[in-house]
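Since the structure comes first, as structure tokens, the remarks are kept for the end.
The values are calculated or read from the model by the stated rules, or taken from the named source; none is laboratory data. Keep in mind the model is a prediction, meaning the values are calculated, not measured. Note that each Cβ is placed from the backbone with ideal geometry, even for glycine, and that neighbours are counted across all protein chains shown.
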Amino acid sequence: MSDAKPETRKKVIVTGRMDPDLLDRAKAMAYWTPGLTLSRIMEDALRAHNLAIAASLNNEGRYYLTPSVLKERQIIRVSIGSSATELADVEGLWEALIDAANRLPA
């Protein structure tokens, strides 16, 4: 017999900003729609948020981000393929991501 300890699952608390009106509508939708949960609504909001960030930066033309799905979650994928890329380029991208996220409505 193995002395391996059973895997334990940890709960993770995720916070986010949501317009109170949107939250009220989400709660009503979850209440009246079988199978729809607040978690699903938040996943849909996160998907839209990430796609909007990627679209914003792609439209500006300085960076190109690839919207991708990983384990059924929408992510923003950054691929750096040039050996000429410097730390300042990556830092600029990070700042642009933050600025784009902050420009989106809550």
| task | Name every residue in the stretch 67-102 that is of a type in the set (S, T, N, Q) and within 21 Å of ALA45 (Cβ to Cβ), in order of residue number. | result | SER68, GLN74, ASN102
| message | Condition first: assigned to a loop (DSSP other than H, G, I, E, B), surrounded by 10 or more Cβ atoms within 10 Å (Cβ to Cβ) and under 14 Å from the mean Cα position of the chain (by Cα). Can you find one or more residues in the stretch 60-68 that meet it? | response | yes
| field | The listed residue being within 17 Å of PRO105 (Cα to Cα) and at pLDDT below 90, out of LEU70, LEU57, LEU38, LEU46 | value | LEU46
